[in-house]
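Working notes for the structure below.
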Amino acid sequence: MFNKIILVGNLTRDIELKYSSGGLAIAKTGIATNRKFKKQSGEMVDETMFVDITFFGRSGEVANQYLRKGSKVLIEGRLMLDQWTDQNGQKRSKHSVNVDTMQMLDSKGDAQNAGGGYDNSNRQDSSYTPPPQQQQQRQQESKPAQQQDVPEIDIDEDEIPF
């Protein structure tokens, strides 16, 4: 079986960070996603979906440090069904997402670590390193335009049809 969900949206509230008795960070917040579509009548409708999300371990600490209410993020995770009994004895349930991977999408002026990503799926250590494609992009941006890798083409001018 396969259970993966990808959401892009804005956080609906500041992150609530707590630690388990074993020292594991657990950070909870919510995300709002928007969908625009046209009804049969031709009217444009904006639909908003609110989903609770939970970060575990180092990704929870990173999220708490850099994200605030309104922060734009892309998350990948697993859809979960939370069930409980309320104060009146009624059985209640809701869907939520346990986050495996997070990508911060705010512009550099909006956040300290804008565009940063964090993958919690195989994380054992507490150090943060950007994803490989982001490291490569930063290295290319730091080179002057003439020094960036430009492929050299070996074509005889007589072979060009124009």
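Just so you know, all these numbers are worked out from the coordinates, no wet-lab data involved. Predicted model, so just to flag it, every value in this text is computed and none were measured. Please note: Cβ atoms are built from the backbone with ideal geometry, for glycine as well, and neighbour counts cover all protein chains shown.
Per residue of region 33-41, what does 6.51 cos²θ - 1.76 cosθ + 1.60 with θ = phi - 60° give for ³J(HN,Hα)? Whole Hz please, x for Gly and Pro, Karplus curve as stated.
Along region 33-41, the couplings run 10, 10, 9, 10, 8, 9, 6, 4, 6 Hz.
For the pair W84 and L17, how long in nm is the line joining their label points, each one 7 Å along Cα→Cβ?
It is 2.3 nm.
Measure up K72/K94; K18/K72; K36/K91 against 28 Å on the Cα-Cα distance and list the ones that go over.
Going by Cα-Cα distance, K36/K91 fall outside the 28 Å limit.
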